[in-house]
Structures are given as structure tokens and as C-alpha cells.
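Please read the structure below before turning to the comments.
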Amino acid sequence: MQAALGLQALNWLAQLEQRLKRDGQVAISSKGKVAQQVIAWCIEQQLLPSHSANLPVVQFTLPLLAHIAEAQLQLQQVCFRAKVCEQDRLQQAQYANQELKSAGASPRQNRVLLRLNTAISQTGLTIATVDLDWRELQLSDYDALVIVENLDCFYQITRFRLHHPYPNPLVIYRGDSHYSTGGKALKDAWQHTGKPSLYFGDADLAGLAIAFSLHCQSILLPEFAQFKQCASFDMQADQQLKYQDQLLRAEVHPAFKPYQQLICQQLKGLRQQQMQGLALYAINLR
């Protein structure tokens, strides 16, 4: 029995259907690798005559593609019309026995790490952080988004004295290889709310570059006199110099200009971990 069509062939059929809706009928060369796979599958399902594999071109029509889609569903194979890139593997399994591991949403694609504003006590445990699908959040319930750069600081955020005017912030971890995709999707959705976002991370060239890339309006830092006293050349890694010119040219809020000069010209920085115990304020970045 002919194996189920793979992701490349499914995409090929989906694109072909769009062409057929425009042109009515398409003559396909039988020399292409994907075309050969589809033609062989159609012959196996008796949707094309057996000699089709030997023809230089094969005519594809919308009725033929409708029969292909119907056969795939009957065989419990992935149908080329299914939007597999938008489905996770659990959703795919509801419609087909065929598994496409390389397609669809990954298990963590929409996940974020969220810091609860009020910890939950349950069965002797205190729960302060949760892993959840950001789409379950009601963004209207929050008045600001706080993005935390480093995971250790995120988990231990109570060690920091954060001062900002937002009583109910949405505090998330910026993300790594596991959570960055969900974090970015949440940040993009947050922008549409028109509400402010704050960055809390390393006060160095790389940290500033991240804050600007996330379009944050404010950054949590000590007052400048204390920042100047604590900042050090040792906290500014050489590999971050690639961000220097761009950050020096960036238009910033007057309140942030002294920080910009110290970080970007004098090349002094302050790591997030070194901010423990310091009073941190929302400094306007833009």
C-alpha cells in the first residue's frame, strides 16, 4: 500500500489547489519528485489510471483534488486541506492516524512563564509561578506588562524592590529556547492594548537592545546617582559592543539620557542580579 503523503506533498497539493481555483486546470510535469509521489499515491487509490506515471505531464483538476481530499479523510491520513501548521499534535490526532512531527504548533509554542501577583497556597505548597497558554489570559485584567530578562531573577523577583505605579501588572519571563515564542506572541498582542510595558533586566548594551526590540516604554533601574555608583566596566561584556552605535543613535526620553550616556559611551553596566536590595523605579525609556 502506498504510504501517506508527507508534509512537502501536502503543501504542494494545497498550493496546486490555489492555482486550480485561478486557472481551472493545470498540466503537471511527472518528472518532479513531489509530483511523482502524488501521482503514485493517486494511482494506488485508483484516482488516476496506472499509466499516468509514464506520461510526461498529468492533468490535475479541482474535481481530482476533491477526490484526493476525500480519500485522505477515509484513510485517516492528513488531508492537504487541513491547516496542520496551526494545529498541535493532539488536534492532528483527532482527524488522522498519520503523525507529522515536524508540522504544527510545538507543545510550548504559546506557553509563557507567569509570575502571580498573589501566590496560591495548596496542599502545603506555595505556587508563585505558572506555565500557561498566554491566549488564556484576559489582557484587560492587567494594567502593565513587566518583562523579566533572566530566569533566576524571575523566580526570585521578591528579592528586588520594584516601584512602579501599576497595582496589577502582568509579570512574565522574557523567554529562552522554550518560552521565547510564546513570550513574543504575548508581547505582540499586548501592544494592541495600548497599555505600557516595562523591561526588567541587565542594564548593559545587550539588555538595552532587548528592551528597544520589545518596544518597552520604561525600564526598571535604580535612581541615576545610585546607578552610577554601582555600575562597572566589569559588567559590560566585549561581545556586546556590536550594539553600541545603534544604541547611541537611539532617541530616548530625557529621563533616560544619563543612563544612555553611562552605558553606551562610558561602557559601564549593571547586571540584573546586582540590583538586589536596591530601590528600582520605572525610568521612561522613550
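The values are calculated or read from the model by the stated rules, or taken from the named source; none is laboratory data. Since the structure is predicted, the reported quantities are computational estimates derived from the model, not experimental observations. All Cβ positions, glycine included, derive from the backbone under ideal geometry; neighbour counts span all protein chains shown. Remember, those area values only see protein heavy atoms, side chains included, never the ligands or the DNA or RNA. Shrake-Rupley method; radii C 1.70, N 1.55, O 1.52, S 1.80 Å.
Put a plus charge on the Cβ of each Lys and Arg, a minus charge on the Cβ of each Asp and Glu, and nothing anywhere else: the dipole of the chain about its Cα centre is then about 340 debye.
Which one, 177, 247, 160, projects farthest toward the positive side of the charge dipole computed for the chain from Cβ point charges (K/R +1, D/E -1)? Farthest along the dipole direction, towards plus: 247.
Per residue, what volume in Å³ does the convex hull of the Cα atoms of the chain enclose?
Values: hull volume 57.8 nm³, N = 286.
Hull volume over Cα atoms, normalised by residue count, gives 202 Å³.
Computed over neighbours whose Cβ is under 14 Å from that of residue 16, the net charge equals +2, Lys and Arg +1, Asp and Glu -1. The residue 8 and residue 109 beta-carbon pair, evaluated with R₀ = 22 Å, returns a calculated FRET efficiency of approximately 0.55.
With all protein chains kept in place, the per residue accessible area of the chain amounts to 55 square angstrom at a probe of 1.4 angstrom.
The apolar share of the surface of region 122-232, taken as the fraction of accessible area on carbon and sulfur atoms (1.4 Å probe, ligands and nucleic acids excluded), comes to 49 percent. Relative to one another, the C-alpha centroids of region 157-181 and region 222-245 are positioned 21 Å apart.
Using R0 = 30 Å, the C-beta based FRET efficiency linking residue 129 and residue 83 works out to 0.40. Remark: spin-label model distance residue 155-residue 116 equals 1.8 nm, labels positioned 7 Å along the Cα→Cβ axis. Between helix 62-74 and the chain there is an angle of about 70 degrees, using the helix long axis and the longest principal axis of the Cα atoms. For an R0 of 41 angstrom, estimate the FRET efficiency from the Cβ-Cβ distance between residue 19 and residue 225 and round to the nearest 0.05. After rounding to 0.05, the efficiency reads 0.05. Helix 33-44 and the longest principal axis of the C-alpha atoms of the chain enclose an angle of approximately 50°.
The separation of region 11-48 from region 183-211, counted between C-alpha centres, amounts to 45 Å.
Extent along the principal axes, Cα only, for region 164-245: 37, 30, 23 Å, with the longest axis given first.
Taking the inverse of the mean reciprocal distance over all distinct Cα pairs, the Kirkwood hydrodynamic radius of region 136-273 comes to 15.6 Å.
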